[in-house]
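*Asks:* Mind having a look at this structure? Questions to follow.
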Amino acid sequence: MVTPSFQPRTGLASSGQAQCLRCIMDTSAADISFDSQGFCNFCTDFIKRIEAFQPSNEAELARRLETLVSRVKAEGRGKQYDCIVGLSGGADSSYALYLAKEQGLRPLAVHMDNGWDSELAVHNIENVVRKLDVDLATHVIAWDEYKKLMQAFFDADVLDVEVLYDNAMLAVNYRLAKKHGVRWILGGTNLATEGMRMPADWNWFKYDKKNIRALARRSGIALDSFPAIGTIDFVIFRYARRINWTSFLDYVSYSKSEATALLTSKVNYRPYPYKHYESIFTRFYQGHILPVKFGIDKRKLHLSTLIMSGQMARDEALKVMERSPYPSDDALQEDIGYFLKKMSWRPEQLAEYLARPRISHALYGTEQPLWLGLEKLGRRTGLLKKTAS
Ligand SMILES: [Zn+2]
């Protein structure tokens with residue numbers, strides 16, 4: 001006898017995968033589930049998060065911003081800076097810096113240079129800090145060291161090569177906050193354009209110092225100028241030093257297009273032709289390595305967020321997905337050439353790498369269980385309301 005099973009109604013992505021009927025997430029995310037209307041857990045959670053966080057009106061939003069700004073000012077009194085703003089050269093972080101200055105804060109801009117900044121990003125960083133009259137601290141990771149670390153990640157066939165950049169960026173921001181006695185790090189992250197939760201198998205835990213060290217050791221690399229941060233370091237920064245990391249753009253009603261227009265006219269900012277143009281590796285990783293080697297296209301998440309925040313129609317997003325992540329084949333070929341030269345690879349090496357199967361980060365050693373354990377303990381004891389993701 002065949003047991004009738006509940007078959008949720010879903011759409012069908014062009015790839016043949018079951019797809020949400022409200023956003024465009026599909027079964028390429030392993031932890032997706034659908035309700036009886038064919039709506040997925042990602043957009044349903046997003047609505048809940050927006051409702052829980054977003055104030056009901058502009059006046060309340062303005063009050064919330066004012067409260068944060070007064071607190072940052074009060075806690076930074078007598079210090080050279082009262083906050084840190086991480087600057088990638090992209091519109092979000094540039095606007096966060098602009099907003100900090102506009103609110104009368106005294107930010108230190110922090111940039112992490114891993115050798116992959118595009119020329120346009122360098123131009124934007126220079127212009128934004130000069131026009132806003134903000135000090136800039138740039139942490140440069142020796143290219144030779146970073147290149148070897150990237151090679152170690154490629155050799156290990158792990159998913160998230162960007163753990164290297166993200167971990168170093170977190171480390172540098174926290175270290176500089178500690179150095180200057182600053183209690184606030186204002187991030188350019190925001191719910192409106194990137195607030196949908198990342199599927200569990202689309203990236204890796206970013207505070208995984210143990211994993212970075214294990215992969216470095218496996219390839220005989222010493223961490224020298226690479227500023228790694230792990231779970232315990234985070235706990236010390238957050239709870240002993242009481243350094244807060246907050247998504248600053250959630251305190252205003254943020255529109256990326258309006259922010260870009262304002263930055264262009266006020267600080268001589270030059271917009272990017274497409275997403276992640278500020279880092280050549282990030283655009284190559286998201287536009288080529290992730291889809292080809294790992295079957296993951298992060299545009300689904302980004303466009304779904306835009307659909308859910310009313311910034312794009314679902315039909316339009318589906319049309320975008322029919323096109324390649326790169327604006328043209330020439331642009332892709334140019335980045336392939338750049339990548340091969342910079343990593344000293346032959347074209348065959350890239351083909352072999354892309355063809356090899358994925359190996360889990362966890363197989364090489366990870367401190368994620370420690371993080372999850374502490375998070376659980378913190379929630380149970382009420383000490384921890386929210387940790388950085
Ligand atoms: Zn959905």
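*Asks:* How large is ³J(HN,Hα), in whole Hz, for each residue of segment 335-351 in order, when computed from phi with the Karplus curve 6.51 cos²θ - 1.76 cosθ + 1.60 and θ = phi - 60°, using x for Gly and Pro?
*Replies:* 5, 4, x, 5, 4, 4, 5, 5, 8, 6, 10, 8, x, 5, 4, 5, 4
*Asks:* Tell me which aspartates and glutamates have Cα within less than 20 Å of residue 48's Cα, excluding those fewer than 8 residues away on the same chain?
*Replies:* Filter leaves 26, 31, 35, 58, 60, 194, 250.
*Asks:* Size of the chain along its principal axes in angstrom, Cα-based, largest extent first?
*Replies:* 74, 52, 48
*Asks:* Can you list the HN-Hα couplings for segment 253-266, worked out from phi with the Karplus curve (6.51, -1.76, 1.60; θ = phi - 60°), rounded to whole Hz and with x for Gly and Pro?
*Replies:* 7, 9, 10, 4, 5, 5, 5, 5, 4, 5, 5, 4, 7, 8
*Asks:* When a footprinting reagent is the concern and you count Cβ atoms within 10 Å, what order do 270, 283 take, fewest first?
*Replies:* 270, 283
*Asks:* Same structure again: So if each residue of separation counts as 0.36 nm, and I subtract the Cα-Cα distance between residue 239 and residue 56, what length gain in nm does that give?
*Replies:* 62.8 nm
*Asks:* Would you calculate, for the chain, the mean residue ellipticity at 222 nm contributed by helices, counting each DSSP H stretch of 4 or more residues as -39,500 (n - 2.57) and dividing by all residues, to the nearest 500?
*Replies:* The per-residue figure over the chain is -14500 deg cm²/dmol.
*Asks:* Could you work out how far the C-alpha centroid of segment 214-255 sits from that of segment 318-376, in angstrom?
*Replies:* Cα centroid of segment 214-255 versus Cα centroid of segment 318-376: 22 Å apart.
*Asks:* Can you tell me which lysines have their Cα less than 20 Å from the Cα of residue 79? Leave out same-chain residues fewer than eight positions away.
*Replies:* Partners within reach: 101, 178, 179.
*Asks:* Quick one: which residues, 5+ away or cross-chain, put their amide H under 5 Å from the amide H of residue 84? H built at 1.01 Å from N.
*Replies:* 108, 184, 185, 186
*Asks:* Take the alpha-carbon centre of segment 168-194, take the same for segment 67-131, and report the distance between them in whole Å.
*Replies:* Using only Cα atoms, the two centres lie 10 Å from each other.
*Asks:* Once amide H atoms are built 1.01 Å from N in the peptide plane, which residues 5 or more positions from residue 113, or in another chain, come under 5 Å H to H?
*Replies:* 139, 140, 141
*Asks:* With 32 Å as the limit, write out which pairs from 73/147; 148/376; 148/319; 73/131; 206/342; 148/275 have Cα-Cα distances beyond it, or answer none.
*Replies:* Listed pairs above 32 Å: 73/147; 148/376; 148/319.
*Asks:* I would also like to ask the following. Over all distinct alpha-carbon pairs, what is the Kirkwood Rh of segment 212-330 in angstrom?
*Replies:* Answer for segment 212-330: a Kirkwood hydrodynamic radius of 18.4 Å.
*Asks:* One-quarter of the Cα convex hull surface for segment 295-369, in nm²?
*Replies:* Mean projected area of the Cα convex hull: 8.1 nm².
*Asks:* Sticking with this one: Of 312, 364, 286, which is farthest on the positive side of the dipole of segment 281-387, counting Cα position, with +1 on Lys and Arg Cβ, -1 on Asp and Glu Cβ, and the Cα centre as origin?
*Replies:* Among 312, 364, 286, the one farthest towards the positive end of the dipole of segment 281-387 is 364.
*Asks:* Taking 0.36 nm per residue of separation and subtracting the Cα-Cα distance, what length does fully extending residue 218 through residue 352 add?
*Replies:* Residue separation times 0.36 nm, minus the Cα-Cα distance, leaves 46.2 nm.
*Asks:* From the phi of every residue in segment 37-46, what ³J(HN,Hα) in whole Hz does the Karplus formula 6.51 cos²θ - 1.76 cosθ + 1.60 yield, where θ is phi - 60° and glycine or proline is x?
*Replies:* Residue by residue, segment 37-46 yields 8, x, 9, 8, 5, 5, 6, 5, 4, 4 Hz.
*Asks:* Ranking 138, 260 by Cβ neighbours within 10 Å, fewest first, what do you get?
*Replies:* Sorted ascending by nearby Cβ count, the order is 138, 260.
*Asks:* Tell me which residues come under 5 Å, amide H to amide H, from residue 89 once H is placed; ignore anything under 5 positions away on its chain.
*Replies:* Close amide H contacts, sequence-distant or interchain: 94.
*Asks:* May I pose another question? Would you work out the relative contact order for segment 184-254, in percent, from Cα pairs under 8 angstrom that are 6 or more residues apart?
*Replies:* 64
FYI, it's all coordinate maths here, none of it is from the lab. Quick caveat: nothing in here was measured; it's all calculated off a predicted structure. Positions of Cβ are generated from backbone atoms using ideal geometry, with glycine treated the same way; all protein chains shown enter the neighbour counts.
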